[in-house]
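Encoded as structure tokens, the structure appears first; notes follow it.
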Amino acid sequence: MPAIHIAPGLVQRLASILDTARVPARRFIVSNATIWRLHEGAFAGLTAEDPILIPDGERFKNLQTVGRIYDALIKAHADRASAIVAIGGGIVGDTAGFAAASYLRGIPVVQVPTTLLAQVDSAIGGKVGVNHPQGKNLIGAFHQPAVVAIDPALLVTLPRREFRAGLYEVIKYGVIASRPLFDRVAATLKGLFARDESALLPVITESCDIKVDVVGEDEREQGRRRTLNFGHTTAHALEAVTKYRRFRHGEAVAYGMLVASEIAVTRGSMPEPDRDALAALIAKMGPLPAAGDIPVEEVLDAIGHDKKVVAGQLHFVLPTAIGSCEVVTDVTRDEIAAAFTRCCSR
Ligand SMILES: NC(=O)c1ccc[n+]([C@@H]2O[C@H](COP(=O)([O-])OP(=O)(O)OC[C@H]3O[C@@H](n4cnc5c(N)ncnc54)[C@H](O)[C@@H]3O)[C@@H](O)[C@H]2O)c1
Ligand SMILES: [Zn+2]
């Protein structure tokens, strides 16, 4: 596992952190114009190389953009004594990370996540990759970053909807692994939305600890790593059925968590007050895009196509309380349909 540094204002001293970690001295920043316009100043002096700016948006997370990164690296004669510094959200991190994993059979990458989602999730774990016209994240690799540098101060400029989308993933960590984290989010929601460093720091730190702990145990998607998929079976289906246009990923995860908790409560494997606490926290964060018009049959079919259905078996993560969960393989279409109708059709 790479060194993960978390501190407000940390990007100001990034160069010395990278020197200490022996990251090669020729450093190529990969970012996008939105982020660069807002934060270029914070990275002054990090490198003499021109930044490689890629277009902003999920539709550009593809091999063509990876090709543009290769082009820029080749033009600058980047060699094995070079590294990529990915400064951005999950899209920049995944795309630049994949370019780093494959350029010259792999050069080091430094992840500097600038969205809450990237700070607590995508920058950690070593998964990198891009989309294919046939599906999301179909092309990729495992490429652990040399350093992950998380600066909560970068989140000040993040649009509220993006911030909130990341916060649902934090809540996911709370539900699967830590009641104290869940309670902390609920208790400090105002400070979090105000991007107070004192509120953000413990929440980001604990989320990272949970992800590191879980993926550290098994890097390649077995056992405990599956628990990170809590809420994601339904989320991926909702995203696919709405062609990735209606929901931010985290918003779909919020619905997915409600559906899974509903199934768990109906089975008698999760106490009702815990489900209610989750529903209340999600409601308190503000309205989700409506899902009531989405036909349940389409959602069920999309769940059947999820790439995480292994050998026809659907692994479903169900909470057993706030702070613990189990992976089961016997959730039926009828159970999902009933829960979906109850949670999403308002
Ligand atoms: N590798 C993994 O393990 C993993 C895990 C989860 C998600 N992902 C991937 O992450 C991607 C989503 O990442 P995301 O949610 O960070 O979205 P994103 O990268 O698209 O960023 C969201 C938006 O916020 C802007 N932005 C980023 N930082 C900003 C800042 N500090 N201030 C203002 N604007 C800023 C971006 O330019 C973009 O428009 C998806 O492609 C998903 O597949 C990967
Ligand atoms: Zn997710």
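The values are calculated or read from the model by the stated rules, or taken from the named source; none is laboratory data. What you see is a predicted model; the values in this text were computed from it and never measured. Neighbour counts run over all protein chains shown; Cβ positions are idealised from the backbone, glycine included. What goes into the accessible areas is simple: the full protein's heavy atoms, side chains included, and nothing from ligands, DNA or RNA. Shrake-Rupley method; radii C 1.70, N 1.55, O 1.52, S 1.80 Å.
Of everything in segment 1-44 that's among the charged types (D, E, K, R) and touching a strand residue (DSSP E or B) at 6+ places or on another chain (Cβ under 7 Å), which residue is surrounded by the fewest Cβ atoms within 10 Å (Cβ to Cβ)? My answer is ARG26. Taken over segment 228-273, the criterion of being of a type in the set (Phe, Trp, Tyr) and within 16 Å of CYS344 (Cα to Cα) is satisfied by PHE247, TYR255. Mind checking which residues of segment 170-180 are crowded, with 23+ Cβ neighbours inside 10 Å and out of contact with any strand residue (DSSP E or B) (no Cβ under 9 Å at 6 or more places or on another chain)? Hits for segment 170-180 are VAL170, ILE171, LYS172, TYR173, GLY174. The set of residues from segment 123-137 being open to solvent by 30 Å² or more (accessible area, probe 1.4 Å), under 13 Å from the mean Cα position of the chain (by Cα) and either within 17 Å of VAL85 (Cα to Cα) or of a type in the set (Lys, Arg) (or both) comprises just one member, LYS127. The set of residues from segment 140-158 being part of a strand (DSSP E or B) and either polar (S, T, N, Q) or surrounded by 15 or more Cβ atoms within 10 Å (Cβ to Cβ) (or both) comprises GLY140, VAL147, VAL148, ALA149, ILE150.
Within segment 125-140, one or more residues are within 16 Å of ligand 2 (Cβ to nearest atom), among the basic types (Lys, Arg) and closer than 18 Å to ASN229 by Cα.
Yes/no per residue for (1) surrounded by 19 or more Cβ atoms within 10 Å (Cβ to Cβ); (2) in contact (Cβ under 8 Å) with a residue 12 or more places away in the chain:
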| site | (1), (2) |
| --- | --- |
| ALA260 | yes, yes |
| THR266 | no, yes |
| PRO273 | no, no |
| ALA279 | no, yes |
| LEU314 | no, yes |
| ALA338 | no, yes |
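The condition of being among the acidic types (Asp, Glu) and more than 15 Å from ligand 1 (Cβ to nearest atom) holds for only one of ASP151, ASP183, that being ASP183. Specify the residue that is nearest to the chain's Cα centre (by Cα); the eligible residues are those in segment 33-87 that are part of a helix (DSSP H, G or I) and either of a type in the set (Ser, Thr, Tyr) or within 16 Å of ligand 2 (Cβ to nearest atom) (or both). Among those that are part of a helix (DSSP H, G or I) and either of a type in the set (Ser, Thr, Tyr) or within 16 Å of ligand 2 (Cβ to nearest atom) (or both), it is GLU58. Within the set ASN137, ASN131, the sole residue that is touching a residue at least 12 places away in the same chain (Cβ under 8 Å), in a strand (DSSP E or B) and near ligand 1 (Cβ under 7 Å from one of its atoms) turns out to be ASN137.
Does VAL92 qualify as being surrounded by 24 or more Cβ atoms within 10 Å (Cβ to Cβ), in contact (Cβ under 8 Å) with a residue 40 or more places away in the chain, closer than 28 Å to SER324 by Cβ and more than 16 Å from ligand 2 (Cβ to nearest atom)? No, not satisfied. Output the residue which, of all residues in segment 223-258 that are among the aliphatic types (A, V, I, L, M) and open to solvent by 20 Å² or more (accessible area, probe 1.4 Å), is farthest from ALA337 (Cα to Cα). The residue in question is ALA240.
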